[in-house]
Structures are given as C-alpha cells and as structure tokens.
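Trainee: Before I ask anything, here is the structure I am working with.
The values are calculated or read from the model by the stated rules, or taken from the named source; none is laboratory data. Only a predicted model underlies this, so the values are computations on that prediction, with no experimental measurement involved. For neighbour counting, all protein chains shown are included, and Cβ atoms are generated from backbone atoms with ideal geometry for every residue, glycine included.
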C-alpha cells in the first residue's frame, strides 16, 4: 500500500511516554513506539519528531517560578525524552539524529534546517528537542514551526484520546467526536487540539493535523498509510 504522507512531523506528548507511571519514562512504551516507527521508515516515510516534556516537568504549571526559567527547564525535559526515543530507535537499527534548538553540542546536533532535511532525505529519523528554543512557546507551536520548516505533508498528533471531541470525552459521556474539523472551528470553539498560536500557524501555512490515539502505537503506521483513524484538522 503506498504512503498517503511521505514526510511527516510526529508530535508525541511527554505524558504518553510515561504510561501508567505518570512520571518519567516507561521504556516498554518507548520501544513499542519505535517498533512502529521502524515499519514506517521501512516503507520510505521521512519522519521528524517533536516531543513534549510533561512527564518530567511542565514549565507553565510552575506558578511560583519565573516563567522564562520554568520554560527553559521544560525544554531540558524534552531533551531527555528526545534522547530516550533516539536510544529506542537505535535499538531497532533505525538511523536517528537528535537536534536541539538550544545548543548542547556534547549530546546533540544544533537545529539546522538544511541539515535536518538532508537527514530526512537519507532515511534518518530526526528528533527535535527544546521546542522552539524560546520561552512562552509550547511544543505544539514547535511542531507547527518545524513542520513548516521541513515542508512536512502533515502533523501527526499522537494523544491519549482517539480524536477531537466537542467536549472532554473523559468527563462527558455524550461527547461527540469529529471526523473532520477546521482550524477556524478549533480556534472559535476552543476545542483544545493545540494552543491558538500553533493552530493559527498550521492554518496559515496549510498544514493539516491528524489527531489520533497512541494507545496502539501502530496507529502511527496506519496514519501514514492514510487509513481512517482519528480526526483530521484542516481548512476546506
């Protein structure tokens, strides 16, 4: 089956990597994700990854700290997750590079757009750490920025729920799932797909977003193949 999307930006939440532990890393989950990514790469997919850091530290929730300093700590948390994903991919014999928006040359490459694209063209997975490298911007915004920079066909947003709903399905049994929704609706209705900065950037750059559940890591493969899962977010 041919790939529906050749070059993708996968957004992983830090919480997803923690699993039932709720904190830190569940390496079994990391391994399962990397096994699915290996199948995608074997089919010729070019994959960039942005990962959050909420399983270690969430800058915006640290109300007693200076916001910029707390956000910088959150960026460092994303680097730990990036290195874990890289380790999991290497264990599956998948070539991978970690690039960080804040220079830390002893452990990762600095983010350089042309170099990242060259890695993708050579079949290497590129994991982008440190978000945008700036405080006050989420890793969702980093995903939309990197997706635009590498000319990704789509953002695959792997979450803890199986799509976008009109209200929280964990709280309301009558929540209705969308099969397709526009960025304008996301912004107007506050659907919580991603923050408003990220949603506006995707809308303005015509980058669709597919929101789906990571409960089954092979959903990543299904998404890249174009199978009907989750909710697609794009303008008509």
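Trainee: Name the pairs whose Cβ atoms lie under 9 Å apart, with the first residue in the stretch 82-100 and modelled with pLDDT under 95, the second surrounded by fewer than 19 Cβ atoms within 10 Å (Cβ to Cβ), and 6 or more positions between them or separate chains?
Mentor: none
Trainee: Suppose we filter 47, 117 for residues that are closer than 16 Å to residue 7 by Cα and outside any helix (DSSP H, G or I); which single one remains?
Mentor: Values: 117 fails: outside any helix (DSSP H, G or I).
That would be 47, the only listed residue that is closer than 16 Å to residue 7 by Cα and outside any helix (DSSP H, G or I).
Trainee: What do you reckon, is residue 19 at pLDDT below 95, closer than 18 Å to residue 220 by Cα, surrounded by fewer than 21 Cβ atoms within 10 Å (Cβ to Cβ) and in contact with a helix residue (DSSP H, G or I) (Cβ under 7 Å, 6 or more places away or on another chain)?
Mentor: For residue 19, the condition - at pLDDT below 95, closer than 18 Å to residue 220 by Cα, surrounded by fewer than 21 Cβ atoms within 10 Å (Cβ to Cβ) and in contact with a helix residue (DSSP H, G or I) (Cβ under 7 Å, 6 or more places away or on another chain) - is met.
Trainee: Among the residues of the stretch 64-84, which ones are assigned to a helix (DSSP H, G or I) and farther than 17 Å from residue 33 by Cβ? Walk me through how you get there before you give the answer.
Mentor: Within the stretch 64-84, the first condition is being assigned to a helix (DSSP H, G or I), and the residues that meet it are 67-84.
67, 68, 69, 70, 71, 72, 73, 74, 75, 76, 77, 79, listed by residue number.
Trainee: Taking residue 220, is it touching a strand residue (DSSP E or B) at 6+ places or on another chain (Cβ under 8 Å), assigned to a helix (DSSP H, G or I) and under 17 Å from residue 10 (Cα atoms)? Let's see the steps before the verdict.
Mentor: Working: touching a strand residue (DSSP E or B) at 6+ places or on another chain (Cβ under 8 Å): yes; assigned to a helix (DSSP H, G or I): yes; under 17 Å from residue 10 (Cα atoms): yes.
Taking the combined requirement at face value, the residue satisfies it.
Trainee: Return the residues of the stretch 1-20 that are assigned to a helix (DSSP H, G or I) and in contact (Cβ under 8 Å) with a residue 24 or more places away in the chain; say none if nothing qualifies. Before you say what the answer is, go through the steps one by one.
Mentor: Pass one, the stretch 1-20, residues assigned to a helix (DSSP H, G or I): 14-20.
Answer for the stretch 1-20, where residues must be assigned to a helix (DSSP H, G or I) and in contact (Cβ under 8 Å) with a residue 24 or more places away in the chain: 14, 15, 16, 17, 18.
Trainee: Looking at the stretch 1-16, which of the residues that are crowded, with 18+ Cβ neighbours inside 10 Å and modelled with pLDDT of 95 or more is farthest from the chain's Cα centre (by Cα)?
Mentor: Ranking the qualifying residues of the stretch 1-16, first place goes to 5.
Trainee: I'd like to check something: does the stretch 59-73 contain any residue that is over 14 Å from residue 134 (Cβ atoms), surrounded by 21 or more Cβ atoms within 10 Å (Cβ to Cβ) and either modelled with pLDDT under 95 or more than 16 Å from the chain's Cα centre (by Cα) (or both)?
Mentor: Among the residues of the stretch 59-73, not one is over 14 Å from residue 134 (Cβ atoms), surrounded by 21 or more Cβ atoms within 10 Å (Cβ to Cβ) and either modelled with pLDDT under 95 or more than 16 Å from the chain's Cα centre (by Cα) (or both), which makes the answer no.
Trainee: Turning to a different aspect of this structure: Do we find that residue 127 is touching a residue at least 12 places away in the same chain (Cβ under 8 Å), buried (at least 24 other Cβ atoms within 10 Å of the Cβ) and more than 12 Å from the chain's Cα centre (by Cα) in this structure? Walk me through it before giving the result.
Mentor: Numbers: touching a residue at least 12 places away in the same chain (Cβ under 8 Å): yes; buried (at least 24 other Cβ atoms within 10 Å of the Cβ): yes; more than 12 Å from the chain's Cα centre (by Cα): no.
No.
Trainee: Follow-up. Name the residue that is surrounded by the most Cβ atoms within 10 Å (Cβ to Cβ), counting only residues in the stretch 223-236 that are part of a loop (DSSP other than H, G, I, E, B) and in contact with a helix residue (DSSP H, G or I) (Cβ under 8 Å, 6 or more places away or on another chain). Reasoning before the result, please.
Mentor: Within the stretch 223-236, the subset part of a loop (DSSP other than H, G, I, E, B) is 226-230, 234-236.
If we keep only those that are in contact with a helix residue (DSSP H, G or I) (Cβ under 8 Å, 6 or more places away or on another chain) too, we end up with 229-230, 234-235.
On the way: 229: 18, 230: 25, 234: 16, 235: 12.
Per the stated criteria, the residue is 230.
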